[in-house]
């Protein structure tokens, strides 16, 4: 995934989670708002119902009190009018009134000036003392000039029963009162006095005592004075008053006007609801119930706030969960990206690994001595198989190996092995020593106990001598001709590389003839499994090779690959499959005058190649060449057979020098002192039955060469052979 | 080096081709093993395609001859080239074998 796509994807994720969060928040908030509105409306309805019932109840209670006062006053008025000239009777009637009506705190008859002779003021009052006992006295005087008081003037003016505004009665009841007054008439119907019954506002207050916390009630007189109110009215009404003082006057005016004109209704003044209605009867009073929103909706608001907090917490939890989930997605994304990255890196590693192996075929288009082909098919992206080859000093160094295990660890070991092979073999010519050095290096740093089965071969292109060392690898096959059974190379048992430091690896050698193919493979070939878990096996491999008409490496490997594929069918490849074929076409023409051999009769063809090359280079005739060949073979074979003990690999160096039509060969070895020239000639006259089997070699050398000389020098046997030849 | 043995007209015919040098002698010695059981048959060593022989090859020929003589049978050599004939001469082998 590119960075851009990743960004878009992350943006989408962020956006979608944000969208979910916002939706949830909107849903929750809408729900709470709707819930609040419903609750608010419900509360409002309840408040209204409550206000209405409160209005009604209070109204009735007030009316009852007012009526009782009015009725009592109208009864006593009649009696008073019959006894206007009898103060004692008046007092008696007043006392009777007070005794029957507890709502009345005091009452008085105030006569007009001059009705009673003598005194200017005459107000006959009966009231209650602190203990509740009735007291009577005349209270009119200069200080209490009732002619100037509202209740008196208004009553005279109204000429009928009349309720006063609340006032403080300093003379009589000595309390805040509201009085019901009635004009008293004499026989002629003229108003001669005013009867005044005080209703203590404290008494009226009792009605307002049972009041809920949420509401306040007050009673307004016909002139707009508050007569009574609930105890808490000022607490609650503070808000109202605040509201009133802050609100626009028109609103209060409107409510006040409505109340004074006896209307029923409701109004909202700032943060309070006012429900009002008139008190029935002739008082002209109006009653109002006030609900402060703060108080009424306090619980609702608290509930809503709690709910909102809970919802916010829930939202927070949701956000947290979503954050975690998104983070989980991110992690998954990171893991996927990691997988992708590893996949990419594996692909790159696979490329690098392939690049390590020689993969251009034919590898040496300019050489006709050898033809090669290699193939490596890893089971996974990277594998633990390897092959490698290169030519140095006219020797083909090659190897094939199989690292234990598969995948990346194996591929790393494979890379190390291949590098070591290249490095070590640049300065060492003996496969067993190359193997030893690789083994020592790998054993030392082998933390993970991985090992490699490795075959290292060195093919001398001059001689066709193949020296090889095998560290636990499956033996390569020597294919001598088309349609021939392949011959497994003989192998010493050596442990795989990487297991044990200082292991001495052994080597063998064999002569490869022109036309022979060395076929190397890893066990991924013989252990290829088909769907029924059968192995391809060596038997099938041998038969497959034996059935191959074209053994050039490419054709041979293609033939085997087809055979394995046909066998395996649809089964998954379980192991790396590696094959390498080396076809030795012809000996490399020797350009120099020296030849190095080992004490192995298989090296003899190399000698023949060397002598042919020297002879050809010097224009020596075929018959002489034949003689030289035979003589040198006999001399060298003699050294091979006698110079070194069995099992010891020894060196034999052959040098040719040509001077004045004479060719001289020297054969040097470091073996035990041995002078072949000291040997007596065989008796050639004996009959076949009596002839010894051996002893002809040196005789032939003597016959074929002009001279033969032996010398022991510096622990070396030096044999010198010369022959004159005819230049062509 | 290649060696094949056939029975032709009551005789065992060993056909040699290539270079019979010391290196090849090991295999050739194995290849001519059947000749030691000649069972009353004469042996013919067909050397028409033989290019080269060294003392190791001669030893094989001598072994075959000895085994045949022990069974009172004849060994004939046929088709030798000059080089090989020369080697035979040098080693006195010309006196040991009958040539056709």
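Quick note: the coordinates plus some simple rules give every number you see, no bench work behind them. Treat the numbers as computed from the prediction; the structure is a model and nothing was measured. Heads up, the Cβs are rebuilt from the backbone with ideal geometry, glycines too, and the neighbour counts pull from every protein chain shown.
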Checklist line | Cα shape, the stretch A:594-724, gyration tensor, a/c 1.5 rule | finding: oblate
Notebook entry, point to check: What is the Cα centroid distance between the stretch A:121-152 and the stretch A:610-679, reported in whole angstrom?
Noted result: 172 Å
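For the stretch A:431-481, report the convex hull volume of the alpha-carbon atoms normalised per residue, in Å³, without decimals. All intermediate terms of the calculation are to be shown ahead of the outcome.
On the way: hull volume 3.8 nm³, N = 51.
Dividing the Cα hull volume of the stretch A:431-481 by its residue count gives 75 Å³.
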Margin query: I'm a student and want to see the number: the projected area of the Cα convex hull of the stretch B:2-99, averaged over all directions, in nm².
Written below: 5.3 nm²
Next item on the list: Find the eigenvalues of the gyration tensor of the Cα atoms of the stretch A:626-666, then list the square roots of 5 times those eigenvalues as equivalent ellipsoid semi-axes, largest first, in whole angstrom.
Entry: 25, 12, 6
Check: Can you give the relative contact order of chain A as a percent, counting alpha carbon pairs under 8 Å and 6+ residues apart?
Finding: 7 percent
Check: Could you state the number of Å between the C-alpha centres of the stretch A:436-505 and the stretch A:281-325?
Finding: 91 Å
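Where does chain B land at 222 nm, in deg cm²/dmol rounded to the nearest 500, when only DSSP H runs of n ≥ 4 count, each adding -39500 (n - 2.57), divided by all residues?
Working: 3 runs with 35 residues, N = 100.
-11000 deg cm²/dmol, from helical runs alone.
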Margin query: What do you get for the angle between helix A:298-356 and the principal long axis of chain A? Use alpha-carbon atoms, 0 to 90 degrees, nearest ten.
Written below: 10 degrees
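What shape does the stretch A:479-552 have by the C-alpha gyration tensor, where a ≥ b ≥ c are the square roots of the eigenvalues, rounded means a/c under 1.5, and otherwise prolate means a/b greater than b/c and oblate the rest? Could the numbers behind the result be given before it?
On the way: a/c = 3.23, a/b = 1.20, b/c = 2.69.
Cα axes put the stretch A:479-552 in the oblate bin.
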Checklist line | At 1.002 mPa s and 20 °C, Stokes diffusion of the stretch A:531-668 via Kirkwood alpha-carbon radius, µm² per second | finding: 113 µm²/s
Margin query: Please report Rg (one decimal) and Dmax (integer) in Å for the Cα set of the stretch A:357-584.
Written below: 16.6, 49
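What does the C-alpha gyration tensor say about the overall shape of the stretch A:647-691? Classify as rounded when a/c is under 1.5, otherwise prolate if a/b is larger than b/c, or oblate. Provide the component values of the computation, followed by the final result.
Working: a/c = 3.03, a/b = 1.41, b/c = 2.15.
In terms of gyration-tensor shape, oblate.
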Note to self: If I fit a long axis through the Cα atoms of helix A:604-617 and take the longest principal axis of the Cα atoms of chain A, what angle between them do I get, 0 to 90°, rounded to 10?
What the structure shows: 70 degrees
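Just for the protein assembly as shown, what percent of DSSP beta bridges are antiparallel, to the closest 5? Please list the in-between numbers first.
Working: 136 of 150 bridges.
Of those bridges, close to 90 percent are antiparallel.
Counting only helical runs of four or more DSSP H residues, what would the 222 nm mean residue ellipticity of chain A come to if each run contributes -39,500 (n - 2.57) and the total is spread over all its residues?
On the way: 16 runs with 305 residues, N = 728.
It comes out at -14500 deg cm²/dmol, rounded to the nearest 500.
Report the FRET efficiency, 1/(1 + (r/R0)^6), for residue A:75 and residue A:186, where r is their Cβ-Cβ distance and R0 is 22 Å, rounded to 0.05.
With R0 = 22 Å, the Cβ-Cβ based efficiency is 0.70.
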Next item on the list: Calculate, in whole percent, how much of the Cα-Cα pair population of chain A lies beyond 38 Å.
Entry: 67 percent
Checklist line | Approximate spin-label separation residue A:543-residue A:530, in nm, with each point projected 7 Å along Cα-to-Cβ | finding: 1.0 nm
Note to self: Compute the helix-to-body angle for B:22-31: its Cα long axis versus the longest principal axis of chain B, expressed 0 to 90° and rounded to tens.
What the structure shows: 10 degrees
